[in-house]
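Take a look at the structure set out below.
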Amino acid sequence: MISSHPPFTGFPKKLFKFLADLEKNNNTEWFYKYKDIYQEYLVTPCRSFVSDIGSFFNLLNPSIRTEPKFNKTLIRINKDMRFTKGEPYRNHFLIHFGRFKMDSEFFVYLDKNIVEYGLFINATKGNDLYFGGNINAYEKDIKNVIIKYKINKHFALSEIKNKSKRLIDVFDVKKHFHYLKELKMFVLTKRIDKSDQLVESPDFI
């Protein structure tokens, strides 16, 4: 299928400037004044990223959602004010690839200073949640994947409860694998500063 989105060329500097400006001007009047900037420099490159990388995730599992749409792979920047108070917009943006809400998933998080990407793992018990039940049986395979895809010694480990709590700055599969058996929810993440040349390059994929 031919993509209706332009090729991903990187996350532009103006994306991060928009998020920084939004943090200072978090109100609907300002947002609608600069909505064209939001669409051109944040929404469009994020949709292009999803469109270009989606086929890779579908090879891993065809059930993973890869449509470059809000409520599918893109989290809406506006908050649902029926359930929250205060500022109407998030000053960050999230791209994620999972099968359903609270599924284990791949993600890319952007704020005014950084790009962070990694894996969220839900190891609790539930329908179609497999990690917790498989980690002992497939320990060797999981370790090999962590090494093959350069997660080992390049990613940090954080526990997810009500908030994220950093446990290990540099995850070493030989030293720290036991955490993956013990934690119910966690993330393995790598952070890149917005000034890194990779951020503005199509090679980010």
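The values are calculated or read from the model by the stated rules, or taken from the named source; none is laboratory data. The shown structure was predicted, so the numbers you read here are calculated from the model rather than taken from an experiment. Glycine also receives a Cβ, built like all others from the backbone with ideal geometry; neighbour counts cover every protein chain displayed.
Of note:
- Only one of Lys175, Lys125 that is more than 30 Å from Ser201 (Cα to Cα) and modelled with pLDDT under 95: Lys125
- Test: Leu119 is surrounded by 13 or more Cβ atoms within 10 Å (Cβ to Cβ) and either in contact with a Lys or Arg (Cβ under 8 Å, 6 or more places away or on another chain) or assigned to a loop (DSSP other than H, G, I, E, B) (or both): no
- Residue, surrounded by the fewest Cβ atoms within 10 Å (Cβ to Cβ), within region 169-205, restricted to residues that are among the polar types (S, T, N, Q) and in a loop (DSSP other than H, G, I, E, B): Ser195
- Subset tally (residues that are in contact with a strand residue (DSSP E or B) (Cβ under 8 Å, 6 or more places away or on another chain) and either outside any loop (DSSP other than H, G, I, E, B) or touching a residue at least 40 places away in the same chain (Cβ under 8 Å) (or both)) for region 65-75: 2
- Within region 58-99, considering residues that are modelled with pLDDT of 95 or more and among the aromatic types (Phe, Trp, Tyr), the one surrounded by the fewest Cβ atoms within 10 Å (Cβ to Cβ): Phe70
- Selection from region 177-195 of residues that are free of Cβ contacts under 8 Å to residues at least 60 places away in the same chain and either charged (D, E, K, R) or touching a helix residue (DSSP H, G or I) at 6+ places or on another chain (Cβ under 8 Å) (or both): Phe177, Leu180, Lys181, Glu182
- Options Asn113, Asn136; residue that is over 17 Å from Leu188 (Cα atoms), loosely packed, with under 12 Cβ neighbours inside 10 Å and in contact (Cβ under 8 Å) with a residue 40 or more places away in the chain: Asn136
- Qualifying position, being farther than 30 Å from Tyr32 by Cβ and touching a residue at least 12 places away in the same chain (Cβ under 8 Å), among Ile95, Ile53: Ile53
Each row is one residue, and each column tells you yes or no for (1) basic (Lys, Arg); (2) farther than 30 Å from Gly132 by Cβ.
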residue: His5; (1), (2): no, yes
residue: Lys24; (1), (2): yes, yes
residue: Val43; (1), (2): no, yes
residue: Ser55; (1), (2): no, no
residue: Thr66; (1), (2): no, no
residue: Asn71; (1), (2): no, no
residue: Lys79; (1), (2): yes, yes
residue: Glu87; (1), (2): no, yes
residue: Ile95; (1), (2): no, no
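- Residue match in region 130-146 (condition: over 19 Å from the mean Cα position of the chain (by Cα) and closer than 19 Å to His96 by Cα): yes
- Matching residues, region 147-162, being more than 16 Å from the chain's Cα centre (by Cα) and either on the phi < 0 side of the Ramachandran plot or surrounded by 15 or more Cβ atoms within 10 Å (Cβ to Cβ) (or both): Ile147, Lys148, Tyr149, Asn152, His154, Lys161, Asn162
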